[in-house]
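Just so it is clear, none of the values below were taken in a lab; they were calculated from the coordinates. Since this is a predicted model, take the numbers as computed values, not measurements. No Cβ is skipped: glycine too gets one built from the backbone with ideal geometry, and neighbour counts run over all protein chains shown.
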């Protein structure tokens, strides 16, 4: 049986070759908010393994709060330049502190500073206040490294299903749905 994780890695690799995308690893993460509505935003996919899909964020952000209340999430990838769409549904769980530190260390210093000076999703008085916060934090860490904040980490999405769509100009898109049942992937073809 075809392994959908390996298929995803192959598609991701293909999508990254000669890509016109500025945000090459962008994925739309959908959660369910406290009122039962879907809530979507784009994040940076960090890694894919047989265990699932990893992204990082503020743990106390809206998405972090949504995941604490309901860890059922979905991920959507759309790589128009190669005509691929991938939809993943799964269960999100927090990654370890060691893994979070690894991903933190991979970030640029400016990204670390931005994360350290912001309270994601919280109200902001003005853009100038945000710039002031950033510049003060940048000055604070001018001669030192930026430690990972306790509220920054990541999530592993363990997939329950993965759907691959190959776009066709004639709209007869080729769709393959993989469902994980008792750790066995079963594939079904779907009509466009």
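Volume per residue for the range 141-192 equals 164 cubic angstrom (convex hull of Cα atoms). Helix 127-140 and the longest principal axis of the Cα set of the chain meet at an angle near 70°. Convex hull of alpha carbon positions in the chain: directionally averaged projected area 13.4 nm². Every pair of different Cα atoms in the range 60-137 enters the Kirkwood calculation, which places the hydrodynamic radius at 15.6 Å. One decimal place: the segment residue 2-residue 180 gains 62.9 nm when fully extended, by the rule 0.36 nm per residue minus the C-alpha distance. Separation of the range 37-71 and the range 136-192, taken as the distance between their Cα centroids, equals 9 angstrom.
Legend: ranking of residues 173, 81 from fewest to most surrounding C-beta atoms inside 10 Å; resulting order 81, 173. Compared with the dominant principal axis of the Cα atoms in the chain, helix 97-106 is inclined by about 80°.
Counting every other Cβ atom within 10 Å of each residue's Cβ, 110, 66 order from fewest to most as 110, 66. In units of the compact-protein estimate 2.2 N^0.38 Å, the range 5-73 shows a Cα radius of gyration of 1.25.
Between residue 105 and residue 18, the simple label model (points 7 Å from Cα in the Cβ direction) yields a spacing of 3.7 nm. Counted by neighbouring Cβ atoms within 10 Å, the residues 51, 105 run from fewest to most as 105, 51.
Structural descriptor for the chain: relative contact order 22 percent, calculated from alpha carbon pairs under 8 angstrom and at least 6 residues apart. Please work out the C-alpha center-to-center distance from the range 97-131 to the range 4-31 and express it in whole Å. Cα centres, the range 97-131 to the range 4-31: 24 Å.
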